[in-house]
1. If Thr52 satisfies all but one of (1) closer than 14 Å to Thr102 by Cα; (2) more than 13 Å from the chain's Cα centre (by Cα); (3) in contact (Cβ under 8 Å) with a residue 24 or more places away in the chain, what's the number of the condition it fails?
2. Hey, could you check region 32-49 for residues that are free of Cβ contacts under 8 Å to residues at least 60 places away in the same chain and not in a strand (DSSP E or B) and say which is most open to solvent (accessible area, probe 1.4 Å)?
3. Within region 90-102, work out how many residues are crowded, with 20+ Cβ neighbours inside 10 Å and under 17 Å from Gly26 (Cα atoms).
4. Which of the numbered conditions does Leu11 fail, given that it passes all the others? Conditions: (1) among the aliphatic types (A, V, I, L, M); (2) at pLDDT 95 or above; (3) surrounded by 19 or more Cβ atoms within 10 Å (Cβ to Cβ); (4) within 14 Å of Thr111 (Cβ to Cβ).
5. Filter region 74-89 down to the residues that are polar (S, T, N, Q) and surrounded by 15 or more Cβ atoms within 10 Å (Cβ to Cβ), then identify the one that is modelled with the lowest pLDDT.
6. Give region 55-70 a look and list any residue that's open to solvent by less than 50 Å² (accessible area, probe 1.4 Å), over 15 Å from Glu88 (Cβ atoms) and more than 11 Å from the chain's Cα centre (by Cα), or say none.
Amino acid sequence: QVQLVESGGGLVQPGGSLRLSCAASGSIFSIYPVGWYRQALGKQRELVATITIGGSTSYADAVKGRFTISRNNAKNMVYLQMNSLKPEDTALYYCNIMNLGTPFGSWGQGTQVTVSS
């Protein structure tokens, strides 16, 4: 079973930046697309960014132009650069491998992002 570990979250002021990292236990990121998801308190988990095996990316409208997803297959890492953060970006952020557009790996612990002044 592939293990995914998210890191890089924290408390940041509105307008600030964070870079999240997702590490995999094996060379899984070179085989599957990867998505970053988030779940705010009391809300459903939502997909915010995806990256394909070939490196094509897509974003939810709420984060387009502010977030950038990238991958380093050699290091088994996927990243989410988050700029111009807003209070509504506050959530627990997760990564997962995807198959046919849906997440199918085991969920990790996530990393908390809190945007507040």
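The values are calculated or read from the model by the stated rules, or taken from the named source; none is laboratory data. Bear in mind that the values here come from a model prediction, so they are computed numbers and not experimental data. Here the Cβ positions follow ideal geometry from the backbone for every residue, glycine too, while neighbour counts run over all protein chains shown. Surface accessibility is based on the protein's heavy atoms, side chains included, excluding ligands, DNA and RNA. Shrake-Rupley method; radii C 1.70, N 1.55, O 1.52, S 1.80 Å.
1. Thr52 satisfies every listed condition except (3).
2. Taking region 32-49 first, the residues free of Cβ contacts under 8 Å to residues at least 60 places away in the same chain are 36, 40-49.
Cutting the leftovers down to not in a strand (DSSP E or B) gives us 40-45.
On the way: Ala40: 28, Leu41: 177, Gly42: 86, Lys43: 137, Gln44: 159, Arg45: 83 Å².
So the residue we want is Leu41.
3. So in region 90-102, the residues crowded, with 20+ Cβ neighbours inside 10 Å come out as 91, 93-97.
Those still in the list that are under 17 Å from Gly26 (Cα atoms) too: 95-97.
Number of matching residues: 3.
4. Single failed check for Leu11: (3).
5. The initial filter retains those residues of region 74-89 that are polar (S, T, N, Q), namely 76, 81, 83-84.
Checking the rest, the ones that are also surrounded by 15 or more Cβ atoms within 10 Å (Cβ to Cβ) come to 76, 81.
Working: Asn76: 90, Gln81: 98.
Once the filter is applied, the top-ranked residue is Asn76.
6. Step one: of region 55-70, the residues open to solvent by less than 50 Å² (accessible area, probe 1.4 Å) are 55, 60, 63, 66-67, 69-70.
Next, from what is left, pick out any that are over 15 Å from Glu88 (Cβ atoms): 55, 69-70.
Matches in region 55-70: Gly55 only.
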